[in-house]
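> The structure's right below; bear with me while I get my questions together.
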Amino acid sequence: MRTGLALHSALASPSLRASPSLQVVPARAQMGSSLGFHIILACMGIAFPAIVMIMHYIGLRRRDAAAMLLARRWSRVMAVLVAVGAVSGTVLSMDMGLLWPGLMGRYGSVIGIPFGIEGIFFLLEAVFTAIYMYGWDRLPPWAHFWTMAPVVISGVFGAMSVVAANSWMNDPSGYTVANGKITSVDPVAVYFNGATYYEMPHMILAAYMVAGGLAATPYAVGLLRGRGSRYNRLGFLLPFTVAAIATPFQIGIGDTAARAIASQQPVKFASMEYVPRTSTHVPEWIAGVWSNGRVVPGTGIALPSVDSLLVGFSPNTRVIGWDTVPPALRPPFPTLLHLSFDLMVLIGMLMLVWGIWLALWWWRRRDLPRGRPGTVFLAGGALSGIACVVAMEAGWVVTEVGRQPWTVYNVLLTSQAATSATGVPATLAATVAIYAVLTVATLAVLWMMKRRWQATAGGADVAAPYSPPAEREAR
Amino acid sequence: MIADIVAAVLVLVATAYAVLGGADFGGGMWDLLAGSATGGAAARHRINLSITPVWESNHVWLVIALVVLWTGFPVAFADIFTTLFVPLSVAGLGIVLRGSGFAYRAQAGSVRWQAVNGGIFAISSLLTPFFMGTAVGAVVTGRVRASGDPAGSWVNPTSLLTGGLFVAVAAYLAAVYLAVDSDRAGEPDLRRYFTRRALAAGIVSGALAAVTMAELRTSAPSVFTELTQGRALPAVIVSVLAGVAVLTALPTGVMWPARPLAALAVAAVIWGWAIAQYPYILPPRLTIAGAAAPAATMGAVLFVVGVIVVLVAPSFALLYWLAQRGSLREADEDGAGPPRRPAR
Ligand code: HDD
Ligand code: HEM
Ligand code: HEM
C-alpha cells in the first residue's frame with residue numbers, strides 16, 4: 001500500500017520547477033506562527049485537565065481545603081486557556097484550506113481521516129470541559145469530579161489524532177494513486193503510519209511536561225519569595241512531579257524517534273546531526289554552527305563516532321548524509337535544525353536532573369530541597385514551564401523545517417501545497433499581530449487573576465471569605 | 001450514492017452549526033446593541049449566562065463541517081478556500097477575536113478591560129457571520145471554481161445579501177432563544193425585551209430572505225427555479241410556516257415551541273438551498289460525485305459521524321439539559337459562601 005507520486009515525478013513538472021508559488025514563504029510563516037501559538041494552549045488542553053483532576057481528587061478524598069482551592073482556581077484558568085485554544089485551533093483548520101489547498105485538494109481524502117477522528121474528541125472535550133468548569137457547587141461533588149474524566153481521555157485521543165495527521169506527512173502510507181488521483185485509501189494504515197508510534201507518545205508526553213511545568217511556575221515563584229504555605233507547596237509539587245515523571249519516558253521515546261528518523265527520513269536526520277556525506281564513524285556534534293560546508297571551529301564539540309554509535313550501536317554504522325539528494329531537496333538551515341534538536345535534548349536532560357534531585361530529597365527528607373541548593377532548585381522549577389515550551393517548539397521546528405522542501409515527505413513539495421491566492425502576506429501580518437496581542441492579553445488576564453487570588457493565596461487554610469470586586473457583579 | 005450520504009451529513013452538520021453556533025454570534029450582536037454599561041447590564045448578563053457554558057461546544061460543529069468537507073470533497077474544499085481567501089480569512093480572524101474577547105471579558109477585573117474585550121467580542125460576532133454568508137452566496141451563484149475571481153466572487157449583490165441574511169438570522173435565533181431563557185429564569189422584563197428584538201429580527205430576516213431569493217432569479221436561475229417551483233419548494237414552505245408560527249407564538253407568551261420552531265425555520269432554508277443546488281457541490285460544474293473522495297474515506301467519515309451520534313449526541317443532550325436547568329454557571333471563585341441558587 002505504500003505508494004506515492006515518485007520523487008522525480010513531482011520535480012519533473014516544469015511549471016512547478018519554474019514558478020514555485022510566491023506564497024510559500026509567507027504561508028509557511030503563517031502556518032508556523034499559528035501552530036506555534038496554538039500548540040502551547042493545546043498542551044494545556046491535553047494535559048492540564050489530568051493535573052486538575054488529580055488535585056481535585058486530593059481535595060475531595062482528604063478534605064484538603066488548599067487542594068480544593070487550587071483545583072477550583074485552575075479550572076478558571078482552564079476556562080480562559082481552552083477558549084483561546086479552541087478558537088486558535090479552528091483557525092488552523094481554516095488555514096489548512098487557506099494556505100495549503102494544494103495539499104488538501106490532493107490528499108484531503110487521506111489526511112482528513114485522522115482529523116475527522118479528532119473531531120469526535122474535540123466535541124467530547126468541549127462538552128465535558130464546559131460541564132466541569134461551570135458545574136462547581138451545582139453538581140454533586142463526586143459526579144462533578146468525574147465529568148473531567150472524559151476530558152482527560154479525549155485530550156489524549158485528540159492529540160493522538162492530530163499527530164497522526166502530522167506523522168502521516170512524515171511517513172505517508174495507506175493510499176494508492178493512479179493518474180494523479182487517489183484511488184483507494186486504507187484508513188487504518190493512514191492513522192497508524194510508520195512515524196505514529198514515536199510521534200504520538202512524544203507529543204503527549206511533551207504536553208504533560210509543558211502543562212506540568214507551566215502550572216508549577218507561579219507557585220515556584222511564590223516559594224522563592226518565601227511564601228512557603230501548604231497551598232504554594234502543593235501547587236508546585238503536584239504539577240512539577242507530573243512533568244518530572246514524564247521526562248524519562250520522553251527521553252526514551254525521543255531517542256527511539258531519532259533512530260527511526262535516521263532510517264525513515266535520512267536527509268532530515270543528516271541535517272539535524274551535521275552529516276554531509278554518507279559514511280561510517282560519524283561524529284556527534286554538540287552545538288556547533290554550520291557554515292560553508294563545515295562546522296565553524298570553536299562553536300561546537302565533536303564526539304568521534306558517537307553518532308554512528310547512537311544510530312546503530314556500533315562505530316561502523318553507516319549514516320546517510322545529505323549528499324544523497326540534490327541540494328534542492330535538502331532542508332534549509334542545518335544550523336537551525338541542529339541547534340533546535342540540541343536545545344530540546346538539553347532541556348530534557350535538565351528536567352531529568354531536576355526530577356532526580358526532587359526524588360532524592362523527597363525520599364530522604366520528605367521535603368523540597370532547602371537552603372542555597374533549594375533556591376537553585378526552585379529557580380529551575382520556576383523556569384521549567386518556559387523551558388518545556390521551548391523544547392516543544394524546538395521539536396516542532398525539527399519536525400517541520402527538517403521535512404522541507406516536502407510537505408508530504410517524498411510525495412508533495414511545499415511549493416505544490418501552497419495556495420495561489422495573493423493575500424497571504426496580509427493575512428500573515430494580521431495573524432502575527434493578533435497572536436502577539438492574544439499572547440499579551442492571555443498573560444494579562446492570568447496575571448489579573450493571580451493578583452486577585454494573592455490576597456488569599458498566602459493562607460494554607462483559606463477560610464477568609466472572598467468578595468469579588470464590585471464591577472464583576474455589574475456584568 | 002455514499003457521496004450523497006456524506007453530502008447530506010455535511011448539510012446536517014452545517015445546520016447544527018447554524019442553529020446552535022449562529023445563535024451565539026447573535027448573542028454577541030445583541031450585546032453590541034445593548035447600550036451603555038449600566039443600561040445594558042441586565043441584557044448582557046442574560047446573554048452571558050446563556051452563551052457561556054455552550055458556545056465552545058456549539059462552535060466545534062464548524063470544525064466538523066470543515067473536516068467533513070475537506071475529507072469527503074477535497075477538490076471542492078481547495079477551490080472554496082482559494083477563491084474565497086479574503087472573506088474566509090476575515091471570518092477566521094473574527095472567530096479568534098470573538099472567542100478570546102469573550103473568554104477574557106469573563107475573567108476581567110476592571111470595567112475598562114471588560115468593555116474593550118466585550119467590544120471586540122461583539123463586533124467580531126457581527127463580522128464573522130457576514131463574511132461566512134458572502135462565501136455561501138459565492139457558492140450558490142457558481143462563482144467558486146479552480147481559479148475563481150478572488151474579489152468578484154464575493155463582492156456581488158447575492159453575496160452581500162446572503163451576508164446580511166446570515167447576520168439577521170443569527171440575531172433572530174439569539175433573540176428567540178434569549179427570550180425563552182429569560183422566561184425560564186423568571187425574568188419577564190427581559191423576556192419582553194428579547195421578544196421585541198426577536199420579532200424585529202424575524203421580520204428583517206424574512207424580508208432579506210425574500211429579496212435574496214428574488215435576486216437569485218438572475219444570478220442563479222436554476223437554484224431559483226428549484227426554490228420557487230421545484231423540489232426545494234417544500235423546504236421554503238416549511239421555513240415560512242415555522243417562522244410565522246414563532247412570530248405569532250412569542251407575543252402571546254407561548255414560549256415552549258419558539259426555540260424548536262425558530263431553529264426549524266432556519267434549518268429549512270439551509271436544506272432548501274442544498275436541495276436546490278443538488279447534485280452540484282459547486283455549481284455549475286462540480287458535482288457531489290465528481291468531487292467525492294474514494295469510498296473507504298467516505299466510509300471512515302460515516303464511521304466518525306456514527307460515533308458522534310452514539311457518543312457525542314448524548315453528551316450534548318446532557319450539556320444542554322444541565323445548562324437549561326441552570327446547573328452550569330460561573331462558580332463563585334473560591335467557593336466561599338453558599339452557592340448561588342440555580343436560576344429557574
Ligand atoms: C498534540 C496536540 C495538538 C496539535 C499538534 C494540534 N492541536 Fe489543535 N487542539 C488540540 C491539540 C492539538 C487540543 C488539546 O485537543 C485542543 C486545544 C483546546 C481544545 O479544546 O482542544 C485543540 C483545539 C483545536 C481545534 C478546536 C477544537 C475546539 O473547538 O474545541 C481545532 C480545529 C484544532 N485544534 C485543529 C488543529 C489543526 C488543524 C492542527 C494542525 C495542523 C492542530 N490542531 C494541532
Ligand atoms: C533527550 C530528549 C529528547 C530527544 C532525544 C528528542 C528527540 C526528538 C526527535 C528526533 C524529534 C523529531 C521527530 C520528527 O522529526 O518526527 C522530536 C520532536 C519533538 N520533540 Fe523531542 N526529544 C527529546 C526531548 C523533548 C522534550 C523534553 C520535549 C518537550 C517538552 C520534546 C518535544 C518534542 C516535540 C513536541 C516534537 C515534535 C513532534 C513529535 O515528534 O511528536 N522533546 N524529538
Ligand atoms: C502544533 C504543532 C506544530 C508546529 C509548532 C508546527 C510548526 C510548523 C512550522 C514552523 C512550519 C513551517 C516550516 C518551515 O517554515 O519550514 C510548519 C509547516 C506546516 N505544518 Fe507544521 N507544525 C505543527 C504541527 C503540524 C500538524 C499536526 C500538522 C498537520 C497536518 C502540520 C501541518 C503543516 C503544514 C501543512 C505545513 C506547511 C507545509 C510544510 O512546511 O511542510 N503541522 N509547521
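> Among the residues of the stretch A:194-205, count how many are open to solvent by 10 Å² or more (accessible area, probe 1.4 Å) and within 13 Å of ligand 1 (Cβ to nearest atom).
Total meeting the criteria: 7.
> Kindly provide the set of residues from the stretch A:345-379 that are touching a residue at least 24 places away in the same chain (Cβ under 8 Å), surrounded by fewer than 17 Cβ atoms within 10 Å (Cβ to Cβ) and small (Gly, Ala, Ser), ordered by number.
Result: A:ALA359, A:ALA379.
> Something else about it: Scanning the stretch B:87-123 for residues that are of a type in the set (Ser, Thr, Tyr) and open to solvent by 10 Å² or more (accessible area, probe 1.4 Å), which turns out farthest from B:ALA18 (Cα to Cα)? Break it down into steps so the answer makes sense when it comes.
To start, the set of residues in the stretch B:87-123 that are of a type in the set (Ser, Thr, Tyr) comprises B:89, B:100, B:104, B:110.
Remaining after also requiring open to solvent by 10 Å² or more (accessible area, probe 1.4 Å): B:89, B:110.
On the way: B:SER89: 19, B:SER110: 33 Å.
Here the residue is B:SER110.
> Still on this structure, please answer the following. Quick check on my filter: what residues within the stretch A:428-443 are more than 8 Å from chain B (Cβ to nearest Cβ) and open to solvent by less than 50 Å² (accessible area, probe 1.4 Å)? Let's see the steps before the verdict.
From the stretch A:428-443, those more than 8 Å from chain B (Cβ to nearest Cβ) are A:428-429, A:432-433, A:435-437, A:439-440, A:443; that's our starting set.
A:LEU428, A:TYR435 - these are the residues of the stretch A:428-443 that are more than 8 Å from chain B (Cβ to nearest Cβ) and open to solvent by less than 50 Å² (accessible area, probe 1.4 Å).
> Can you find a residue in the stretch A:327-339 that is away from ligand 1 (no atom under 16 Å from the Cβ), surrounded by fewer than 20 Cβ atoms within 10 Å (Cβ to Cβ) and over 30 Å from A:MET31 (Cβ atoms)?
No: the stretch A:327-339 contains no residue that is away from ligand 1 (no atom under 16 Å from the Cβ), surrounded by fewer than 20 Cβ atoms within 10 Å (Cβ to Cβ) and over 30 Å from A:MET31 (Cβ atoms).
> To continue, here is another question. Would you pick out the residues in the stretch B:100-128 that are more than 9 Å from chain A (Cβ to nearest Cβ) and not in a helix (DSSP H, G or I)?
Those that are more than 9 Å from chain A (Cβ to nearest Cβ) and not in a helix (DSSP H, G or I): none in the stretch B:100-128.
> Let me ask another. Is one or more of the residues making up the stretch A:59-73 open to solvent by 10 Å² or more (accessible area, probe 1.4 Å) and within 11 Å of ligand 1 (Cβ to nearest atom)?
No, that holds for no residue.
> Between a residue in the stretch B:23-41 that is charged (D, E, K, R) and any residue that is assigned to a loop (DSSP other than H, G, I, E, B), which pairs come within a Cβ distance under 8 Å, given they are 6 or more apart or on different chains?
Listed pairs, sorted by first residue: B:ASP24/B:VAL54; B:ASP31/B:GLY40.
> Mind checking which residues of the stretch A:163-184 are in contact (Cβ under 8 Å) with a residue 24 or more places away in the chain, away from ligand 3 (no atom under 16 Å from the Cβ) and facing chain B (nearest Cβ under 10 Å)? Full working, then the answer.
Step one: of the stretch A:163-184, the residues in contact (Cβ under 8 Å) with a residue 24 or more places away in the chain are A:163-177, A:180, A:182.
Checking which are away from ligand 3 (no atom under 16 Å from the Cβ) leaves us with A:176-177, A:180, A:182.
Correct list: A:THR176, A:ILE182.
> Would you point out which residue out of B:ALA179, B:ALA185 is in contact with a Phe, Trp or Tyr (Cβ under 8 Å, 6 or more places away or on another chain) and farther than 30 Å from B:ARG285 by Cβ? Can you show your working first?
Values: B:ALA185 fails: in contact with a Phe, Trp or Tyr (Cβ under 8 Å, 6 or more places away or on another chain).
The conditions single out B:ALA179.
> Among the hydrophobic types (A, V, I, L, M, F, W, C) and farther than 30 Å from A:ALA328 by Cβ: does that describe A:ILE301?
In short, yes.
> Suppose the filter is within 16 Å of ligand 2 (Cβ to nearest atom) and in contact (Cβ under 8 Å) with a residue 12 or more places away in the chain; does A:PRO201 pass it? Talk me through it step by step, then tell me what you get.
On the way: within 16 Å of ligand 2 (Cβ to nearest atom): yes; in contact (Cβ under 8 Å) with a residue 12 or more places away in the chain: yes.
In short, yes.
> Moving on. Which residue is nearest to A:VAL296 (Cα to Cα), if the candidates are limited to the stretch A:322-335 and must be part of a loop (DSSP other than H, G, I, E, B) and under 28 Å from the mean Cα position of the chain (by Cα)? Break it down stepwise before answering.
Step one: filter the stretch A:322-335 for residues part of a loop (DSSP other than H, G, I, E, B), giving A:325-326, A:330-333.
Then drop every residue that is not under 28 Å from the mean Cα position of the chain (by Cα), which leaves A:330-333.
Working: A:ARG330: 20, A:PRO331: 19, A:PRO332: 17, A:PHE333: 14 Å.
It comes out as A:PHE333.
> In addition: Which members of the stretch A:133-171 meet the condition of being within 10 Å of ligand 1 (Cβ to nearest atom), touching a Leu at 6+ places or on another chain (Cβ under 9 Å) and among the small types (Gly, Ala, Ser)?
Passing the criteria: A:SER154, A:GLY158.
> Answer with yes or no whether A:ALA216 is away from ligand 1 (no atom under 16 Å from the Cβ) and not polar (S, T, N, Q). Working first, answer last.
Working: away from ligand 1 (no atom under 16 Å from the Cβ): yes; not polar (S, T, N, Q): yes.
Spelling it out, A:ALA216 is indeed away from ligand 1 (no atom under 16 Å from the Cβ) and not polar (S, T, N, Q).
> Just to be sure, is A:ILE251 in contact with a Leu (Cβ under 8 Å, 6 or more places away or on another chain), under 22 Å from A:VAL353 (Cα atoms) and among the hydrophobic types (A, V, I, L, M, F, W, C)? First the steps, then the outcome.
Details: in contact with a Leu (Cβ under 8 Å, 6 or more places away or on another chain): yes; under 22 Å from A:VAL353 (Cα atoms): yes; among the hydrophobic types (A, V, I, L, M, F, W, C): yes.
Criteria met by A:ILE251.
> Now for a separate question. Out of all the residues in the stretch A:219-250, which are open to solvent by 50 Å² or more (accessible area, probe 1.4 Å) and either among the hydrophobic types (A, V, I, L, M, F, W, C) or within 16 Å of ligand 1 (Cβ to nearest atom) (or both)?
Across the stretch A:219-250, the qualifying residues are A:LEU224, A:ILE245, A:PHE249.
> From A:VAL401, A:VAL408, A:VAL397, which residue is open to solvent by less than 20 Å² (accessible area, probe 1.4 Å), within 16 Å of ligand 2 (Cβ to nearest atom) and either more than 14 Å from every other protein chain (Cβ to nearest Cβ) or touching a Pro at 6+ places or on another chain (Cβ under 6 Å) (or both)? Walk me through how you get there before you give the answer.
Details: A:VAL401 fails: open to solvent by less than 20 Å² (accessible area, probe 1.4 Å); A:VAL397 fails: open to solvent by less than 20 Å² (accessible area, probe 1.4 Å).
Going through A:VAL401, A:VAL408, A:VAL397 in turn, the sole match is A:VAL408.
> Here's a follow-up. Of the residues A:LEU81, A:LEU92, A:LEU41, which is aliphatic (A, V, I, L, M) and away from ligand 2 (no atom under 16 Å from the Cβ)?
A:LEU81
> Scan the stretch A:444-454 for residues that are open to solvent by 40 Å² or more (accessible area, probe 1.4 Å), farther than 21 Å from B:LEU97 by Cβ and either at the interface with chain B (Cβ under 8 Å from one of its Cβ atoms) or free of Cβ contacts under 8 Å to residues at least 24 places away in the same chain (or both) and report the count.
Looking only at that region, the number is 2.
> Looking only at residues that are within 10 Å of another protein chain (Cβ to nearest Cβ) and open to solvent by less than 50 Å² (accessible area, probe 1.4 Å) in the stretch A:411-427, which one is farthest from ligand 1 (Cβ to nearest atom)? Don't jump to the end; show me each part of the working.
To start, the set of residues in the stretch A:411-427 that are within 10 Å of another protein chain (Cβ to nearest Cβ) comprises A:419-424, A:426-427.
In the following step, the residues that additionally are open to solvent by less than 50 Å² (accessible area, probe 1.4 Å) were identified as A:419, A:421, A:423-424, A:427.
Working: A:THR419: 15, A:ALA421: 18, A:GLY423: 20, A:VAL424: 17, A:THR427: 16 Å.
The selected residue is A:GLY423.
> Please pick out the residue among A:MET351, A:MET344 that is more than 14 Å from ligand 3 (Cβ to nearest atom) and in a helix (DSSP H, G or I). Spell out the reasoning first.
Details: A:MET344 fails: more than 14 Å from ligand 3 (Cβ to nearest atom).
It is A:MET351.
> Oh, and also: Spot the failing condition for B:VAL11; the list is (1) open to solvent by 10 Å² or more (accessible area, probe 1.4 Å); (2) within 12 Å of chain A (Cβ to nearest Cβ), and only one is missed.
(2)
> Hey, another quick one. Answer yes if at least one residue in the stretch B:281-289 is at pLDDT 85 or above and either facing chain A (nearest Cβ under 9 Å) or farther than 24 Å from B:MET1 by Cα (or both), and no otherwise.
The answer is no; no qualifying residue exists.
> Tell me, please, whether a residue that is hydrophobic (A, V, I, L, M, F, W, C), more than 30 Å from B:LEU328 (Cα to Cα) and assigned to a helix (DSSP H, G or I) can be found in the stretch A:127-138. Can you show your working first?
Taking the stretch A:127-138 first, the residues hydrophobic (A, V, I, L, M, F, W, C) are A:127-128, A:130-131, A:133, A:136.
Still in the list and also more than 30 Å from B:LEU328 (Cα to Cα): none.
No, there is no match, as no residue in the stretch A:127-138 is hydrophobic (A, V, I, L, M, F, W, C), more than 30 Å from B:LEU328 (Cα to Cα) and assigned to a helix (DSSP H, G or I).
> Looking at the stretch A:256-274, which of its residues are surrounded by fewer than 17 Cβ atoms within 10 Å (Cβ to Cβ) and touching a residue at least 12 places away in the same chain (Cβ under 8 Å)? Even if it seems obvious, please write down each step before you answer.
Of the residues in the stretch A:256-274, the ones surrounded by fewer than 17 Cβ atoms within 10 Å (Cβ to Cβ) are A:256, A:259, A:263.
A:THR256, A:ARG259 - these are the residues of the stretch A:256-274 that are surrounded by fewer than 17 Cβ atoms within 10 Å (Cβ to Cβ) and touching a residue at least 12 places away in the same chain (Cβ under 8 Å).
> Spot the failing condition for A:ALA270; the list is (1) farther than 30 Å from A:ALA328 by Cα; (2) over 21 Å from the mean Cα position of the chain (by Cα), and only one is missed.
Going through the list (1) farther than 30 Å from A:ALA328 by Cα; (2) over 21 Å from the mean Cα position of the chain (by Cα), A:ALA270 breaks only (1).
The values are calculated or read from the model by the stated rules, or taken from the named source; none is laboratory data. Since this is a predicted model, take the numbers as computed values, not measurements. So basically every Cβ, Gly included, is an ideal-geometry build from the backbone, and we count neighbours across all protein chains shown. For accessibility, only protein heavy atoms count, side chains too; no ligands or nucleic acids. Shrake-Rupley method; radii C 1.70, N 1.55, O 1.52, S 1.80 Å.
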